[in-house]
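Encoded as structure tokens, the structure appears first; notes follow it.
The values are calculated or read from the model by the stated rules, or taken from the named source; none is laboratory data. Keep in mind the model is a prediction, meaning the values are calculated, not measured. Every residue, glycine among them, receives a Cβ derived from its backbone with ideal geometry; neighbour counts consider all protein chains shown. Quick note on the areas: whole protein, heavy atoms, side chains included, nothing else; ligands and nucleic acids left out. Shrake-Rupley method; radii C 1.70, N 1.55, O 1.52, S 1.80 Å.
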Amino acid sequence: IHLPVWLGAGQALREEIEAGGLETLRAMYRDWPFFRSTLDLLSLILAMASPEVAHVYEELLVAPTLWPLGAQVKGLLVETTEQVLRVTQEPTLLASQP
């Protein structure tokens, strides 16, 4: 899981959507090349994230007392994915990519 790339993006998108900014975000995605490329990069990184592999490493290398942190990060990964898909209006990550 690539924390520095996507951590916080889901929360920022969710907060803007909750404030009524979903249509603005969608317009930005549609009309602003930089914003579109940023969300497309996030989609790529999110698609490459592998919670299953992270879980294996977690069980092998991380003290059980820290496992809740891993669960929290995996939850944030799901939230970020959901928010990116809400803005891009794609059914899945990378759906429009060849």
Cubic angstrom per residue, convex hull over Cα atoms of the stretch 35-98: 86 Å³
Dipole of the chain, Cα-centred, from +1 at each Lys and Arg C-beta and -1 at each Asp and Glu C-beta, to the nearest 20 debye? 160 debye
Value at 222 nm in deg cm²/dmol, rounded to 500, when DSSP H runs of n ≥ 4 in the chain each add -39,500 (n - 2.57): -23000 deg cm²/dmol
For the Leu94, Val53 Cβ pair and Förster radius 22 Å, calculated FRET efficiency rounded to 0.05 is 0.75
In whole percent, the fraction of accessible protein surface over the stretch 1-53 that belongs to carbon or sulfur atoms, probe radius 1.4 Å, stands at 61 percent
The chain - percent relative contact order, Cα under 8 Å, separation 6 or more: 45 percent
